[in-house]
1. Can you tell me which of (1) more than 30 Å from S201 (Cβ to Cβ); (2) surrounded by 13 or more Cβ atoms within 10 Å (Cβ to Cβ) is the one R93 doesn't meet?
2. Which condition does E75 not pass, out of (1) touching a residue at least 60 places away in the same chain (Cβ under 8 Å); (2) over 30 Å from E152 (Cα atoms); (3) of a type in the set (D, E, K, R), if it passes all the others?
3. In this structure, does K108 turn out to be among the basic types (K, R), under 22 Å from V7 (Cα atoms) and touching a helix residue (DSSP H, G or I) at 6+ places or on another chain (Cβ under 9 Å)?
4. Looking at (1) under 30 Å from F12 (Cβ atoms); (2) of a type outside the set (F, W, Y); (3) over 15 Å from the mean Cα position of the chain (by Cα), which one does R155 not meet, given that it meets all the others?
5. Is one or more of the residues making up the stretch 175-186 over 22 Å from S9 (Cβ atoms) and surrounded by fewer than 19 Cβ atoms within 10 Å (Cβ to Cβ)?
6. Could you say which residue among F168, F146, F141 is in contact (Cβ under 8 Å) with a residue 24 or more places away in the chain, within 19 Å of L192 (Cα to Cα) and over 15 Å from the mean Cα position of the chain (by Cα)?
7. Only one residue in G181, G142, G110, G188 is at pLDDT below 95 and touching a Leu at 6+ places or on another chain (Cβ under 9 Å). Which one?
8. So is S80 closer than 17 Å to I15 by Cα, out of contact with any strand residue (DSSP E or B) (no Cβ under 8 Å at 6 or more places or on another chain) and surrounded by 15 or more Cβ atoms within 10 Å (Cβ to Cβ) or not?
Amino acid sequence: MIVSPSVLSCDFGNIQRDTEMLDQSQADWLHIDVMDGVFVPNISFGFPVLEAIRKHTKKTLDVHIMIENPDDFLEQFQKSGTDILTVHYEACRHLHRTISRIKELGMKAGVALNPHTPVSVLEEVACDLDLVLIMSVNPGFGGQKFIASSVEKVRSLVDLRTKKKASFLIEVDGGVNLETGKQLAEAGAEALVAGSFVFNSASPQETISQLKSL
């Protein structure tokens, strides 16, 4: 299991400390949520914070952008040290073009789906993707309750991947803990994003280790 702790849940007053803690943990990636207050009802951090995080970790930066007009910022994400850039299906007017540009810039390309969006919308681009991110909560805030139907959605995505002979990884974000993570792993998820579950635990590194073993 790939574990991608969400930096959105870290202590922002000690972001270097928490980034270095994650860098020394068994986490595979660091998940960074960028929100604009338009596409989602919240604002997080932008390029200066992303660049600061990049300086303090060698791990893969798994950047999930919840913004309008993502095409306007692809180059800046690349310059800020992004390894995987995930855009929302719902925010992209010309999704194939966006995916192609992300890859041209040397990043891996992911597409996120909101809870109401069926996996079938990805049929025509499935073979172009490196990652699909299933949102198991409505995007915008950490600490929300897991949407149980997301487990079946992962199964549907596995079926789509098989049908299209695609090779993207399946990642899930929202309400992930040991219980929901086990259900998602059994359904076929290969990467789990966990924020508050990791950072609110007594030992974040131990919690990451437990998620890794699912």
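1. Failing condition for R93: (2).
2. For E75, the exception is condition (1).
3. yes
4. (1)
5. Checked the stretch 175-186: at least one residue is over 22 Å from S9 (Cβ atoms) and surrounded by fewer than 19 Cβ atoms within 10 Å (Cβ to Cβ).
6. F146
7. Checking each option against the conditions leaves just G142.
8. The answer is yes for S80.
The values are calculated or read from the model by the stated rules, or taken from the named source; none is laboratory data. Fair warning: this is a prediction, and the values are worked out from it, not measured in the lab. Using ideal geometry, Cβ is built from the backbone for each residue, glycine included, and neighbour counts are taken over all protein chains shown.
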